[in-house]
Amino acid sequence: MAFFLTVDGGTESLRARVYDTNGICLGSLAVPYKTNFMSGSRAEQDPADWWDNMITASRGAIAKANINPLDIAAITCATTCCSVVALDENGEAIRPAMIWMDVRASKEADEVLATDDPALILNGNGKGPVSAEWMIPKALWLKRNEPENFSRAHIICEYQDYLSFKLTGEWTASLNNVGLRWHYSTDRGGWAASLVTSLGLEELLDKWPPRVVAPGDVIGTLSAKASSELGLSPKALVVQGGADALIGMIGLGVSKPGQLALITGSSHLLFGITDAPIYANGIWGSYPDIVYPGRNIIEGGQTSTGSIINWLGRLTDESLDFLTLNAKAAELEPGCEGLIVQDHFQGNRTPYTDPLSRGALVGLTLAHEKHHIFRAIMEGVGFGTRAILDAFVSAGYNAKEITVGGGAATSDLWLQIHADTLGLPVRIPASLDAPSTGSAVLAAYGAGHFSSIDEGISVMVKSGRLVEPNAANVKKYEEIYLRYLALYPALKDVLNG
């Protein structure tokens, strides 16, 4: 029996897990790290914490799994995307990493979009937006505002690539990350050289890792130093992973055209798989080969979803009694007695790509109570997901079912509302740890236990349950959804002045 170590480097902590070849998690440990928030929409982490936590979490997970550490055959990491770090020749950070939620480079993001470079086709068919979270805007900000650090940087990369270097001593970049957020494309010859050159960033091309590795491919074996620090065999393979949400697609078993993956949490990410490229207004992508060879990924997203529920808790100055709220909300008819929520509390990512749009509660009466608002938020989020799905359909992508991972997958009410507002069956796999399960599949594939990622999915990703849409509720929501859609144009002039 071979075993695989997975690393899930999230926003608040790093979790290591140990899996066997059947996809069973044998041991797990999470270790938190600190994020420093500063004015100007800045959020930074110390990359040394990432590595220290990986050592602690990995040793702890292996101990809980009660296996011989030397039996770990391969390691794969899934990490936050757009956590950008500048490193010296020895792989030590020159400055703290600007993590994904750091959006100080908003001005630079606008300038990237203004170049009108062909590489921007993946940003809403060239219409945008370009996010301040992404690599190129952050690198441009670094050159302008910290020129000494930019000049000193031997490599500018991401969380994922930092761990790969610490593990192997090899400078590599994940095809998943670079194809998703660095404007790299296997269809267009690789790096977006003309884009960075037009921004006066041509030296960035020499600061990016020289080798791009696809998910599931082997980067190398553990270096002597990493082997000693982790207590693992120097023969253990390091297999390329990628962005946590995208590796989560594998862990959800979403691998075929017509399938959709919905990754839930504070926000929603929606990913579909296509055989042919799709570029259209209101969606991001398509991204070729970034998860599965020969397949494309299209993307949509909602900025605020679970975070609106958290907002409701803060607003009422109390922790929400979810058991009671869910029970009361489940008794309500669709539409919450005339209450509709526009879910744009931090703007709209897709399909409107409007950062100035805002949330709204419309139809309030004195008869409405907390559980009405609670359910209306869920319905508004469901309608926002439906709007993205409609944009996919307009672009030529028709989904047959949707598979959900993350926080919403633990709530029967959220799942049923999503099924009813979308009019699609909602599938929930047996394991909700999608990024880690996906990493385990990649590790096993890279170590030669499966002939393809798809074969790995068939063995290691266990089927769960299916939530079918309620036909009567689907019909009711169709009319309410039209009223939801009318809110955005009606409120846009009011909110934007």
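The values are calculated or read from the model by the stated rules, or taken from the named source; none is laboratory data. What you see is a predicted model; the values in this text were computed from it and never measured. Every residue, glycine as well, gets a Cβ built from its backbone with ideal geometry; the counts of neighbours run over all protein chains shown.
Could you please find all residues in region 230-240 being in contact with a Pro (Cβ under 6 Å, 6 or more places away or on another chain) and surrounded by 22 or more Cβ atoms within 10 Å (Cβ to Cβ)?
Start the filter on region 230-240 by keeping residues that are in contact with a Pro (Cβ under 6 Å, 6 or more places away or on another chain), which leaves 231-232, 240.
Hits for region 230-240 are 232, 240.
Hey, among 324, 365, 350, which residue is closer than 30 Å to residue 457 by Cβ and not basic (Lys, Arg)? I'd like the intermediate steps shown before the answer.
On the way: 324 fails: closer than 30 Å to residue 457 by Cβ; 365 fails: closer than 30 Å to residue 457 by Cβ.
Every option except 350 fails the conditions.
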Response to the item:
Residue set 221, 197; condition surrounded by fewer than 16 Cβ atoms within 10 Å (Cβ to Cβ), among the β-branched types (Val, Ile, Thr) and over 19 Å from the mean Cα position of the chain (by Cα); output residue 197
Discussion item. Tell me yes or no: at least one residue of region 294-306 is out of contact with any Gly (no Cβ under 9 Å at 6 or more places or on another chain) and more than 27 Å from residue 446 (Cα to Cα).
Written reply: yes
Worksheet item: Looking at 434, 443, 360, which one is outside the structural domain of residue 326 (by TED's automatic domain parsing) and modelled with pLDDT of 95 or more?
Response: 443
Practice prompt. Return yes or no: is residue 90 surrounded by fewer than 24 Cβ atoms within 10 Å (Cβ to Cβ), part of a loop (DSSP other than H, G, I, E, B) and either of a type in the set (Ser, Thr, Tyr) or free of Cβ contacts under 8 Å to residues at least 12 places away in the same chain (or both)?
Written response: yes
Practice prompt. Out of the residues in region 363-397 that are surrounded by fewer than 17 Cβ atoms within 10 Å (Cβ to Cβ) and of a type in the set (A, V, I, L, M, F, W, C), state the one that is farthest from residue 330 (Cα to Cα).
Written response: 393
Worksheet item: So which of 180, 120 is at pLDDT 95 or above, surrounded by fewer than 24 Cβ atoms within 10 Å (Cβ to Cβ), more than 27 Å from residue 230 (Cα to Cα) and in the same structural domain as residue 80 (by TED's automatic domain parsing)?
Response: 120
Worksheet entry | Matching residues, region 96-112, being surrounded by fewer than 19 Cβ atoms within 10 Å (Cβ to Cβ) and either part of a strand (DSSP E or B) or modelled with pLDDT of 95 or more (or both) | 111
Discussion item. Filter region 450-465 down to the residues that are surrounded by 13 or more Cβ atoms within 10 Å (Cβ to Cβ), in contact (Cβ under 8 Å) with a residue 12 or more places away in the chain and not in a loop (DSSP other than H, G, I, E, B) and list them by number.
Written reply: 453, 454, 456, 457, 459, 460
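Grab the strands (runs of 3 or more DSSP E) fully contained in region 189-305, keeping just those with 2 or more residues being of a type in the set (A, V, I, L, M, F, W, C). First the steps, then the outcome.
Working: elements: 211-213, 218-221, 237-243, 259-264, 268-274, 284-288, 296-302.
By residue number, 211-213, 218-221, 237-243, 259-264, 268-274, 296-302.
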Item to complete: Kindly establish whether residue 98 is among the hydrophobic types (A, V, I, L, M, F, W, C), at negative phi, within 19 Å of the chain's Cα centre (by Cα) and assigned by TED's automatic domain parsing to the domain that holds residue 153.
Response: yes
